[in-house]
Amino acid sequence: MINLSIVIPCFNESQSISILLKNFSNKLKRNDVELIIVNNGSTDATEKKLSVLSKKYNFLKTIKIKKNIGYGNGILQGLKVAKGTYVSWTHADLQTDPYDAIFGFEKYKEKLSEKIFIKGKRVGRPINDTFFTIGMSFFETILLNKFLWDINAQPNIVHRNFFKKLSKYAPLDFSFDLFFLYNAKKENLNINRFPVNFHKRKFGLSHWNKDFKNKMKFIKRTIKYSIELKQKL
């Protein structure tokens, strides 16, 4: 029986994937967890590496998406094949540890129910990124009338029924995390936050936070979606 499914979307993370899986495997001491890595339209050697690594790790399941149409879509496609009673998602860039999902799951195991939402809270971030998070959190909190802090922190863990209920309405881009945290607040889920270490990216560049221009695009998209979400209230 699978109790926890962890989904990780990957876009051109060929340099990170081997390290991620090795570290995860070294810590994994249970057989009720599955790790689903979604090759989200990568154009590098990610698929080739996953093909080899999937034969090495029996906890690993892989999915290939031909075209990257968004971070949220990658997670959705992974969660659709997840077998766990609880489902989780996080990042592949090694800035956070995928094992944090299991840590959070264990930390709140006495509270597990269909009404729980478990989410990380990043510590050790660069000061500029922290100020950015404060600004966006303040904006979202005022606009949506719900206290929303560190929206894009990882991991996220919910009961599969909560995910299934909302999945057809979820956005396909980086607004995915905002959508689920907001709805968890809206439906009065028992939200539990725990600190996760946030490390410097080891390889490549962030796909949205690499320069001022891309960060502004991210802000504009987030504001646009937030207004749309507000109008649905």
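The values are calculated or read from the model by the stated rules, or taken from the named source; none is laboratory data. Keep in mind it's a predicted model, so treat the numbers as computed, not measured. Every residue, glycine among them, receives a Cβ derived from its backbone with ideal geometry; neighbour counts consider all protein chains shown. All accessible areas refer to the heavy atoms of the entire protein, side chains included, with ligands and DNA or RNA removed. Shrake-Rupley method; radii C 1.70, N 1.55, O 1.52, S 1.80 Å.
Please report the relative contact order for the chain, taking Cα pairs under 8 Å with a sequence separation of at least 6, and give it as a percent rounded to a whole number.
23
Could you tell me which of rounded, prolate or oblate describes region 45-149, using a ≥ b ≥ c as the square roots of the eigenvalues of the alpha-carbon gyration tensor, with rounded for a/c under 1.5 and, failing that, prolate when a/b is larger than b/c and oblate otherwise?
prolate
Please compute one quarter of the surface area of the Cα convex hull for region 1-110 and express it in square nanometres.
With every direction weighted equally, the projected area is 6.5 nm².
Amide H to amide H under 5 Å from residue 45: which residues, 5+ apart in sequence or cross-chain, H placed 1.01 Å off N in plane?
Hits under the 5 Å cutoff: 14.
Going by Cα centres, region 142-200 and region 40-71 are how many Å apart?
25
For residue 64, give me every one of the lysines with a C-alpha distance below 23 angstrom, ignoring sequence neighbours fewer than eight places off in its own chain.
Candidates past the 8-residue exclusion: 22, 48, 49, 55, 56, 80, 83, 164, 168.
Calculated from the structure, Cα extents along the principal axes in Å equals which of [x] 48, 42, 33; [y] 45, 39, 36; [z] 67, 33, 29?
Calculated Cα extents along the principal axes in Å: the matching label is [x].
List every residue whose amide H lies under 5 Å from the amide H of residue 192, counting only residues 5 or more places away in sequence or on a different chain, with H placed 1.01 Å from N in the peptide plane.
117, 118, 119
Rounded to the nearest 0.05, what FRET efficiency is calculated for residue 32 and residue 231 with R0 set to 41 Å and r the Cβ-Cβ distance?
0.50
Residues of region 64-95 with amide nitrogen under 19 Å from the 7 Å Cα-to-Cβ point of residue 172?
Taking a point 7 Å out along Cα→Cβ of residue 172, the residues of region 64-95 whose backbone N falls under 19 Å are 64-81.
State in Å² the accessible area per residue of region 1-116; use a 1.4 Å probe, count heavy atoms of protein chains only, and round to the nearest integer.
Ligands and nucleic acids excluded, the figure is 47 Å² per residue.
Where the accessible area of the chain is counted over protein heavy atoms with a 1.4 Å probe, how much of it, in %, is carbon and sulfur?
So the carbon and sulfur contribution to the accessible surface is 55 percent.
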